[in-house]
Amino acid sequence: MKAVYQRHAELWHTQRSRALYEKPWLDRFIDVLSPNGRVLDLGCGTGDPIAGYFLDQGFDIVGIDYAASMIEIASAQFPKAQWQIGDIRALPQIGTFDGIYSWDSFFHLSIPEQRAILPQLSKLIRQDGALLLTVGPREGEVTGTIGGEAVYHASLSPSEYEQTLKACGFQSVTYKSEDPDCQGRSVLFASAMFPDRNC
């Protein structure tokens, strides 16, 4: 799948909507973060439009994507952010963050990978920080396409996401299945991290 995104970075960047239909969720995420905080964009793609929106709000953005061609475009578009080639499954030493988001990226991980990585991500989020992900409407695996080539998607069940994140110290977990105001995305938002977390 990495090779697919590597080959189709320019196509993806050209076709990606800039309508910012995600804005209500992005603003909800922003509302719980420290002003000018440090935010991690996992599977950042080219950074446009979401990372660009956060940069406009004064946040310090670190973006990670395993497709070098995506990172190249992101670096040219938004030179003030920190862009790195990397894999969500083996993150480099990048410190902690006020918030972490992964829009249309986290669901490319397999079910076992998601189970393993959620606690790891929780450890990178500071007290009172937040996590924002797009996931699936139910547990399972499906196939999508980009540039006519197949890409893998997977999801845990909504109840497992909630149980896992609360076990990792989030006081509030909200899940919206196939949000009609967000082009049918299923959105997971966790906030209010306890100082004494269990993960």
For the range 184-196, how many residues meet the condition of being over 22 Å from D31 (Cα atoms) and touching a residue at least 24 places away in the same chain (Cβ under 8 Å)? 1
Restricting the range 70-101 to residues that are surrounded by 18 or more Cβ atoms within 10 Å (Cβ to Cβ) and part of a helix (DSSP H, G or I), the one modelled with the lowest pLDDT turns out to be M70
Considering only residues of the range 170-184 that are under 17 Å from the mean Cα position of the chain (by Cα) and more than 29 Å from R126 (Cβ to Cβ), which is least open to solvent (accessible area, probe 1.4 Å)? G184
If only one of I125, I85, I117 is in contact (Cβ under 8 Å) with a residue 12 or more places away in the chain, hydrophobic (A, V, I, L, M, F, W, C) and touching a strand residue (DSSP E or B) at 6+ places or on another chain (Cβ under 6 Å), which one is it? I125
Which of the residues spanning the range 47-69 are touching a strand residue (DSSP E or B) at 6+ places or on another chain (Cβ under 7 Å), assigned to a loop (DSSP other than H, G, I, E, B) and open to solvent by 10 Å² or more (accessible area, probe 1.4 Å)? F59, Y66
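Listed here are the residues, each with its yes/no results for (1) open to solvent by 10 Å² or more (accessible area, probe 1.4 Å); (2) of a type in the set (K, R).
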| site | (1), (2) |
| --- | --- |
| R126 | yes, yes |
| T134 | no, no |
| G140 | yes, no |
| S155 | no, no |
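For every residue, the table says whether it meets (1) over 21 Å from E162 (Cβ atoms); (2) of a type in the set (D, E).
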{"residue": "G63", "(1), (2)": "yes, no"}
{"residue": "A76", "(1), (2)": "yes, no"}
{"residue": "S110", "(1), (2)": "no, no"}
{"residue": "E113", "(1), (2)": "no, yes"}
{"residue": "Q120", "(1), (2)": "no, no"}
{"residue": "T134", "(1), (2)": "no, no"}
Hey, among D104, D128, D98, D56, which residue is touching a Lys or Arg at 6+ places or on another chain (Cβ under 8 Å) and under 19 Å from G37 (Cα atoms)? D98
Within the range 123-151, the residues that are among the polar types (S, T, N, Q) and at pLDDT below 95 are Q127, T143, T145
Which of the residues belonging to the range 17-46 are touching a Ser or Thr at 6+ places or on another chain (Cβ under 7 Å) and open to solvent by less than 50 Å² (accessible area, probe 1.4 Å)? L42, G43
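The values are calculated or read from the model by the stated rules, or taken from the named source; none is laboratory data. Model, not experiment: these values are computed from the prediction. Ideal geometry is used to build each Cβ from the backbone, glycine not excepted, and the neighbour counts take in all protein chains shown. Side chains are part of the model used for accessible areas, which takes the heavy atoms of the whole protein and leaves out ligands, DNA and RNA. Shrake-Rupley method; radii C 1.70, N 1.55, O 1.52, S 1.80 Å.
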